[in-house]
Amino acid sequence: MEPLRYSPRETADLLGIQLKALVGALKKDQYSPEDVWELRGKLQLEPPSVGTRKQLFLNFKGGTGKTSLSTSYAWRLAEMGYGVLLVDLDSQGHATKCLGFEGEDFQRTLLDVLVKKTPISQVIQKSHLPNLEFIPSNLTMSTVDLALMPMAGREFKLKNALKEVEAHYDFIIFDAPPSFGLLNLNALMAADDLLVPVLADFLSFHGLKLLFETVQSLEDDLGHVLDHVFIVVNSYNATFKLSKEALSALQEHYPEYLMPQVVRQCTRFAQASSEGMPIFRFDRDSKGAGDVQVLIDEVLKRLAASAQKKSAAQAKSA
Ligand SMILES: Nc1ncnc2c1ncn2[C@@H]1O[C@H](COP(=O)(O)OP(=O)(O)OP(=O)(O)O)[C@@H](O)[C@H]1O
Ligand SMILES: [Mg+2]
């Protein structure tokens with residue numbers, strides 16, 4: 001794979017500065033991700049802090065876009081200057097592939113952490129961006145549910161394992177498999193926020209109902225309350241009457257969770273993943289990349305608003 005390089009224009013846009021200011025700080029024909037990272041530090045262009053957010057992309061239904069969205073989301077947050085860890089929970093290893101790696105090339109996965117007590121720092125890998133790291137997955141992960149079954153505290157293994165490293169990151173993003181089991185329960189227990197990619201079809205409703213019941217039982221039985229749930233309609237095609245109807249039904253049933261922006265159907269997602277790239281690397285000007293950017297901006301806005309609300313409430317009670 002060609003090493004990643006940004007043009008001066010792209011670099012200035014990523015840093016949110018004028019081309020002139022970029023050239024003044026470091027003049028080059030092409031910039032590497034490391035150059036961008038160094039410039040960000042030198043020019044003090046770090047994005048506003050969000051604390052550490054652990055965000056899970058989950059839907060028990062398969063093929064709704066969990067991997068396409070979580071990998072592009074994680075990649076883009078890193079390009080925006082956040083420190084990101086992407087955790088591939090799926091034994092299909094698709095998120096690992098989307099970052100340009102083969103799961104089978106790695107000896108260790110999260111299985112070693114959850115079942116064999118390997119410290120999580122030992123399974124974290126570097127990606128092609130300096131501030132994006134990942135935990136790879138491969139077929140060995142398919143045994144994790146069974147291996148967790150007899151263990152004490154089996155729902156809390158991931159949450160506890162992350163404690164060692166979580167302060168190093170702004171975002172820890174989990175790409176979940178389409179299954180209903182102990183691994184996903186661990187992911188839910190570890191997460192602050194849930195992002196649920198859904199397709200605008202009526203089959204998706206059943207999956208959503210099950211997901212919300214699970215989230216409720218997590219609250220009731222295990223005392224874990226998620227801060228945010230964001231439903232994201234993915235692969236939306238407004239020319240289909242059924243999609244429009246399904247979107248209105250989602251707006252009616254889940255108004256407080258449904259994100260205002262949909263991610264439109266965009267063939268670049270499929271092409272990007274077959275090339276082992278997130279969409280922002282494959283085609284940053286595609287409508288898919290644009291829609292994920294709007295999603296990120298909306299999530300960041302809501303996180304900032306709720307952090308503000310929380311600190312105002314704390315100040316009032318102090
Ligand atoms: N917005 C989109 N437009 C067009 N195709 C898309 C879009 N999002 C995802 N796809 C395609 O849909 C398929 C399923 O997407 P993806 O693998 O991201 O879903 P998933 O929920 O992770 O699947 P699984 O449940 O198997 O993990 C892929 O071929 C992907 O390229
Ligand atoms: Mg997937």
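Show me the helices (runs of 4 or more DSSP H) found entirely inside the range 260-318 where at least 1 residues are closer than 23 Å to S243 by Cα.
Qualifying helices (runs of 4 or more DSSP H): 268-274, 287-317.
Each row is one residue, and each column tells you yes or no for (1) within 16 Å of ligand 2 (Cβ to nearest atom); (2) more than 15 Å from I120 (Cβ to Cβ).
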{"position": "P150", "(1), (2)": "no, yes"}
{"position": "R154", "(1), (2)": "no, yes"}
{"position": "K157", "(1), (2)": "no, no"}
{"position": "L162", "(1), (2)": "no, no"}
{"position": "E166", "(1), (2)": "no, no"}
{"position": "F174", "(1), (2)": "yes, no"}
{"position": "L182", "(1), (2)": "no, yes"}
{"position": "L188", "(1), (2)": "no, yes"}
{"position": "P197", "(1), (2)": "yes, yes"}
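Which of the residues belonging to the range 279-293 are within 11 Å of ligand 1 (Cβ to nearest atom) and touching a Leu at 6+ places or on another chain (Cβ under 7 Å)?
V292
Can you tell me how many residues within the range 16-35 are free of Cβ contacts under 8 Å to residues at least 40 places away in the same chain, in a helix (DSSP H, G or I) and of a type outside the set (G, A, S)?
5
Please go through the range 117-156 and give me each residue that is of a type in the set (D, E, K, R) and more than 18 Å from L58 (Cα to Cα), ordered by number.
Of everything in the range 117-156, those that are of a type in the set (D, E, K, R) and more than 18 Å from L58 (Cα to Cα) turn out to be K117, K126, E133, R154.
Quick one: in the range 223-274, which of the residues that are surrounded by fewer than 16 Cβ atoms within 10 Å (Cβ to Cβ) and of a type in the set (S, T, Y) is farthest from ligand 1 (Cβ to nearest atom)?
Checked the range 223-274; the qualifying residue farthest from ligand 1 (Cβ to nearest atom) is S248.
Checking the conditions here, which among E166, E155 is charged (D, E, K, R), surrounded by 18 or more Cβ atoms within 10 Å (Cβ to Cβ) and touching a residue at least 24 places away in the same chain (Cβ under 8 Å)?
Step by step, each of E166, E155 is checked, and only E155 is charged (D, E, K, R), surrounded by 18 or more Cβ atoms within 10 Å (Cβ to Cβ) and touching a residue at least 24 places away in the same chain (Cβ under 8 Å).
Answer yes if at least one residue in the range 89-101 is farther than 26 Å from I279 by Cβ, surrounded by 17 or more Cβ atoms within 10 Å (Cβ to Cβ) and at pLDDT 95 or above, and no otherwise.
Among the residues of the range 89-101, not one is farther than 26 Å from I279 by Cβ, surrounded by 17 or more Cβ atoms within 10 Å (Cβ to Cβ) and at pLDDT 95 or above, which makes the answer no.
Across the range 160-187, which residue is nearest to L58 (Cα to Cα) among those that are more than 16 Å from ligand 1 (Cβ to nearest atom) and among the aliphatic types (A, V, I, L, M)?
Here the answer is L185.
Any residue in the range 113-120 that is surrounded by 15 or more Cβ atoms within 10 Å (Cβ to Cβ) and either on the phi > 0 side of the Ramachandran plot or not β-branched (V, I, T) (or both)?
Looking for residues that are surrounded by 15 or more Cβ atoms within 10 Å (Cβ to Cβ) and either on the phi > 0 side of the Ramachandran plot or not β-branched (V, I, T) (or both), one finds at least one in the range 113-120, hence yes.
Is it true that some residue in the range 53-60 is of a type outside the set (S, T, Y) and free of Cβ contacts under 8 Å to residues at least 60 places away in the same chain?
No, the range 53-60 contains no residue that is of a type outside the set (S, T, Y) and free of Cβ contacts under 8 Å to residues at least 60 places away in the same chain.
Give just the number: which of (1) within 17 Å of N237 (Cβ to Cβ); (2) outside the structural domain of L226 (by TED's automatic domain parsing) does A313 not satisfy?
(1)
Quick one: how many residues across the range 61-90 are within 9 Å of ligand 1 (Cβ to nearest atom) and part of a loop (DSSP other than H, G, I, E, B)?
Final tally of qualifying residues: 6.
The values are calculated or read from the model by the stated rules, or taken from the named source; none is laboratory data. All of these numbers come straight from a predicted model, not from anything done at the bench. Positions of Cβ are generated from backbone atoms using ideal geometry, with glycine treated the same way; all protein chains shown enter the neighbour counts.
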